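First comes the structure, then the notes that go with it.
The values are calculated or read from the model by the stated rules, or taken from the named source; none is laboratory data. The structure presented is a predicted model; accordingly, all values stated were derived computationally and were not measured. When we count neighbours, we look across all protein chains shown, and the Cβ atoms used for this are built from the backbone with ideal geometry, even at glycine. Only protein heavy atoms, including side chains, enter the accessible area calculation; ligands, DNA and RNA are left aside. Shrake-Rupley method; radii C 1.70, N 1.55, O 1.52, S 1.80 Å.
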Amino acid sequence: MKHAGVMGWPVANSRSPVVHGHWLKQYGIDGDYRLLPVPPQELEKALHELPERGFAGCNLTIPHKEAALALVDRLDTTAQRIGAVNTVVVMSDGALDGRNTDAFGFLESLRLALPKAQLNAGPAVVLGAGGASRAVVAALVDQGVPEIRLMNRSRARAESLAAALGGPIHVLDWSERSAALAGAALLVNTTKLGMAGQPALDLALDDLPQSAIVNDIVYVPLETPLLAAARCRGNPVVDGLGMLLHQARAGFAAWFGVMPEVTPALRRAVVASLAAP
Ligand SMILES: NC(=O)c1ccc[n+]([C@@H]2O[C@H](COP(=O)([O-])OP(=O)(O)OC[C@H]3O[C@@H](n4cnc5c(N)ncnc54)[C@H](OP(=O)(O)O)[C@@H]3O)[C@@H](O)[C@H]2O)c1
């Protein structure tokens with residue numbers, strides 16, 4: 001029996017066991033996926049015990065994604081660029097391979113939700129410069145997006161992201177976010193604004209072309225005020241659940257040997273778990 005799990009602190013609210021548990025059942029795999037509560041001072045030990053405990057690997061969540069960069073034996077180029085590890089794979093020689101699947105999840109989510117969309121058709125606007133933004137911006141640079149307008153409440157954080165990733169990133173002031181929508185082909189919210197318990201994102205969509213894709217990576221609630229407003233004026237919209245589900249696929253494939261699918265039944269199972277207290 002193969003084991004995998006998610007290490008975090010706290011980790012009780014992670015939806016990853018619902019996702020991987022659904023796939024283990026769907027594909028009839030003899031394996032399990034557990035919550036692994038690990039405080040920061042025990043991360044190194046917990047990671048290095050994975051092979052002897054029979055684990056094929058694990059996901060990492062807050063606060064371990066950055067700390068793990070220095071603790072794994074190998075890092076893939078995406079994790080290195082993004083500066084965070086969200087997936088660890090135990091290799092056949094016992095070495096720990098650190099990967100980041102968030103950029104893949106973001107792109108797959110858009111590609112499958114809107115199969116005809118050309119992400120490099122025009123400028124992209126990205127709001128936020130936290131951990132998730134690094135994966136989104138790296139993915140957009142790799143897709144050949146001609147211009148990425150990046151805005152963050154703390155401008156310095158956006159500037160350091162732009163310097164770290166390179167590419168056609170133009171940092172603007174947070175106050176310019178509504179005007180920056182003119183001529184954009186894609187808008188992505190990677191801030192926490194609009195998430196349950198947070199204020200809504202204050203953004204005037206008047207200058208955004210109606211053809212622009214609007215993606216909010218916040219997934220609680222699924223329809224954020226931003227998505228509701230964009231949908232109302234006719235923009236194609238993509239919610240944040242797709243990214244969450246698609247980023248999980250690569251880890252499952254590495255641990256359990258099957259590249260799983262994101263199906264309506266999986267979405268329903270995760271949406272039901274999000275609604276649960
Ligand atoms: N769908 C998915 O798979 C997925 C994956 C990862 C994350 N997410 C979601 O993405 C969001 C961000 O996650 P993260 O890991 O990137 O978090 P993070 O590293 O803590 O970054 C938070 C971001 O939100 C901004 N922010 C927070 N409060 C703000 C406010 N009052 N006004 C303006 N900006 C504000 C921060 O700006 P400052 O830098 O100025 O503080 C920063 O850009 C969360 O809602 C998370 O659930 C979704």
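Just a few scattered comments:
- The single condition among (1) within 14 Å of the ligand (Cβ to nearest atom); (2) under 18 Å from the mean Cα position of the chain (by Cα); (3) open to solvent by 10 Å² or more (accessible area, probe 1.4 Å) that GLY251 does not satisfy is (3).
- Residue in the stretch 265-274 that is buried (at least 18 other Cβ atoms within 10 Å of the Cβ), under 15 Å from THR101 (Cβ atoms) and modelled with pLDDT of 95 or more present: no
- Qualifying positions in the stretch 85-116 - under 22 Å from LEU36 (Cα atoms) and within 11 Å of the chain's Cα centre (by Cα): ASN86, ASN100, THR101, ASP102
- Positions within the stretch 7-28 being without any contact (Cβ under 8 Å) to a residue 12 or more places away in the chain and either open to solvent by 70 Å² or more (accessible area, probe 1.4 Å) or within 19 Å of the chain's Cα centre (by Cα) (or both), in sequence order: ASN13, LYS25
- In the stretch 199-206, the count of residues that are more than 18 Å from ALA117 (Cβ to Cβ), of a type in the set (D, E, K, R) and without any contact (Cβ under 8 Å) to a residue 12 or more places away in the chain is one or more.
- Scanning the stretch 121-178 for residues that are within 20 Å of PRO209 (Cα to Cα), open to solvent by less than 20 Å² (accessible area, probe 1.4 Å) and not in a strand (DSSP E or B) yields a count of 3.
- All positions within the stretch 90-99 that are open to solvent by 10 Å² or more (accessible area, probe 1.4 Å) and in contact (Cβ under 8 Å) with a residue 12 or more places away in the chain: VAL90, MET91, GLY94, ALA95, ASP97, ARG99
- Selection count, the stretch 81-106, where residues are more than 12 Å from the ligand (Cβ to nearest atom) and more than 22 Å from LEU43 (Cβ to Cβ): 1
- Answer residue from the stretch 219-238, given it is within 11 Å of the ligand (Cβ to nearest atom) and either closer than 24 Å to ARG99 by Cα or assigned to a strand (DSSP E or B) (or both) and is nearest to the chain's Cα centre (by Cα) among those: TYR219
- Test set (1) touching a residue at least 40 places away in the same chain (Cβ under 8 Å); (2) within 16 Å of the ligand (Cβ to nearest atom); (3) open to solvent by 20 Å² or more (accessible area, probe 1.4 Å) - ALA185 fails condition number: (2)
- Filtered residue count, the stretch 202-218, keeping only those that are more than 16 Å from the ligand (Cβ to nearest atom) and surrounded by fewer than 21 Cβ atoms within 10 Å (Cβ to Cβ): 6
- Filter result (in contact with a Phe, Trp or Tyr (Cβ under 8 Å, 6 or more places away or on another chain) and of a type outside the set (Ser, Thr, Tyr)) within the stretch 20-48: HIS20, GLY21, TRP23, LEU24, ILE29, GLY31, PRO37, VAL38, PRO39, PRO40
- The residue list GLY94, GLY130 contains one member that is farther than 23 Å from MET259 by Cβ and at pLDDT 95 or above, which is GLY94.
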